[in-house]
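The values are calculated or read from the model by the stated rules, or taken from the named source; none is laboratory data. All of these numbers come straight from a predicted model, not from anything done at the bench. Here the Cβ positions follow ideal geometry from the backbone for every residue, glycine too, while neighbour counts run over all protein chains shown.
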């Protein structure tokens, strides 16, 4: 009676859970496996437990990994819809490039023509001192080269002094060292000669002043157009030269030194 009651209990439980049991049997395919084993179509499996497939959800994406230091991130995706369209290349022009314009070089200024140098045989005067102490001017010939002012050039040659041969013959230049001619002009037979300040003072006193003035007057009046000389200092008319006083307020000629 016990076994009959137990079998009935199992049968009731089976009937109550039949749908679930059938579902499990279908999902595990246990009935098909038993049928193949009974019919001998398939060799028994060496595994003791049947393989039960496990239903899984969709595979999860791999976990994001932080980039290693120094390794740049992957290139960002570029939306090709917003990329600029490539510019259409124009076909090369068949026309040649125009030649560059070259401006003509400016014409050089014409050279300034200078008058040819001319040479004049003239006489300049230095001082001779006699044994008895008399002082008088003595002329020597010079070849004076000039362009357009022979008088100025002749006075400049005079200021350069006598040559070594003339010095050996006793000729002296009593015009003070450093004297320079600043300007020269001729009007109505009078030569206006302007000298610098060094011309005003002679270390030999009044006699030296008179001698230097005589050198200038005699040399200038060698020109046929000049009779007298008006002495100027720095372009200004002065009355006296030197501390002892020699009057130069008026033009001087050769007759001013005859006495």
Of the residues in segment 210-242, those that are under 58 Å from the mean Cα position of the chain (by Cα), without any contact (Cβ under 8 Å) to a residue 60 or more places away in the chain and part of a loop (DSSP other than H, G, I, E, B) come to 221, 225, 234, 235, 238, 239, 242
Subset of segment 223-243 [surrounded by 15 or more Cβ atoms within 10 Å (Cβ to Cβ) and farther than 11 Å from residue 176 by Cβ]: 223, 226, 227, 228, 229, 230, 231, 232, 233
Quick test of your reading of the structure: residue 137 fulfils all but one of (1) assigned to a helix (DSSP H, G or I); (2) in contact (Cβ under 8 Å) with a residue 60 or more places away in the chain. Name the failing condition by number. (1)
When residues of segment 167-180 are filtered for being under 13 Å from residue 139 (Cα atoms) and crowded, with 16+ Cβ neighbours inside 10 Å, how many remain? 3
Select from segment 173-209 the residues that are over 21 Å from residue 157 (Cβ atoms), at pLDDT 95 or above and touching a strand residue (DSSP E or B) at 6+ places or on another chain (Cβ under 6 Å) and list them in ascending order. 190
Somewhere in segment 107-126, is a residue modelled with pLDDT under 80, under 47 Å from the mean Cα position of the chain (by Cα) and not in a loop (DSSP other than H, G, I, E, B)? no
Which one is surrounded by the fewest Cβ atoms within 10 Å (Cβ to Cβ), of the residues in segment 187-204 that are more than 16 Å from residue 229 (Cβ to Cβ) and either more than 53 Å from the chain's Cα centre (by Cα) or free of Cβ contacts under 8 Å to residues at least 24 places away in the same chain (or both)? 203
